[in-house]
1. Pop a pseudo-label 7 angstrom from the Cα along the beta-carbon direction at both THR184 and PHE165 and give the gap in nm to one decimal.
2. Can you put THR123, THR150, THR181, THR39 in order of Cβ neighbours within 10 angstrom, beginning with the fewest?
3. Here are a few candidate values for volume of the Cα convex hull per residue in Å³: (1) 146; (2) 206; (3) 123. Which one was actually calculated from the structure I just gave you?
4. Using a 10 Å cut-off around each Cβ, can you sort VAL182, VAL48 from fewest to most neighbouring Cβ atoms?
5. For the stretch 75-162, state which chymotrypsin sites (Phe, Trp or Tyr not before Pro) are in a DSSP loop and have at most 16 other beta carbons lying within 10 Å of their beta carbon.
6. Would you order MET12, MET71 from fewest to most other beta-carbon atoms within 10 Å of each residue's own beta-carbon?
7. I'd like the FRET efficiency for ILE157 and ARG37, computed as 1/(1 + (r/R0)^6) with the beta carbon distance as r and R0 of 41 Å, rounded to 0.05.
8. How much length, in nm to one decimal, is gained on full extension between ASP47 and TRP11, taken as 0.36 nm per residue of separation minus their Cα-Cα distance?
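FYI, it's all coordinate maths here, none of it is from the lab. From a predicted model like this one, the values you see are computed outputs, not experimental measurements. As a convention, Cβ positions derive from the backbone with ideal geometry for all residues, glycine included, and neighbour counts pool all protein chains shown.
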Amino acid sequence: MSRAPLRYAGWMARDIATGPGAIMIAVALLVTFILWRMTNIPSSHGDVSGLVRAIVDQAAMPFVLLATGGMVSGDLVNGYYRSYFSRPVSPVAYYLQRWLLGAAAVLLFIPILAAGIALRTGTFAAPAALFAKVGLLYLMLGGLVLLASTLTRRDWIVALVIYVFQSILHSIAAAPTPGATVRTLHAILPPFHAASVKAPMPEGAALLHPLLYGLGLVLAALAVIRWRPLGSGGRA
């Protein structure tokens, strides 16, 4: 009978904190340092909120890749899965837990950044909509990396290429006559544009589409982990 991987949660959190988490904190500290060196700093809540949004807009995508890259493929390449699952632990639950802890780390960057900026400006601004947008991006992009990680060691590179390609297609699709091929590819690829910090939060069907797409990517990844033996098929 497989047991839940909760006993690994502390080790996972430590690895994230000393890896991706350390880089995220370093970025927040760098922003704080730069603000302390500036004489003209934002003062109103709106200006501070805009600064937080602008930084998160630039940092969210690379941080998602950083938190999810090599999640499964790294264990396969290094053979760690042999020791992890030598005991009755569900690989599906194990990697889902690791993926969720990665999401928590990425989302925690927002209040850490806001706190660092507040030390200089005296205003704490961490809009709830910002958490929703970053969470939506993690669901789609992080789900794509997780799925790619079950198939190739170049998981984050594959996800990045698809992300950039979709962004280009989205710009082309906004033209008056984008063409059938562009429209088809745009409909097939993940709707990353829905998670843009600069755009309003989608509602109704516009929100349901990215939610279901991201959930589908995660479920597909977990299905591969569940039904395809680890280390088989040349994945390592």
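1. 1.4 nm
2. Lowest to highest Cβ neighbour count: THR39, THR181, THR123, THR150.
3. (1)
4. VAL182, VAL48
5. Filter output for the stretch 75-162: TYR80, PHE85, PHE124.
6. MET12, MET71
7. Efficiency, rounded to the nearest 0.05: 0.70.
8. Full extension of this stretch gives 9.1 nm more.
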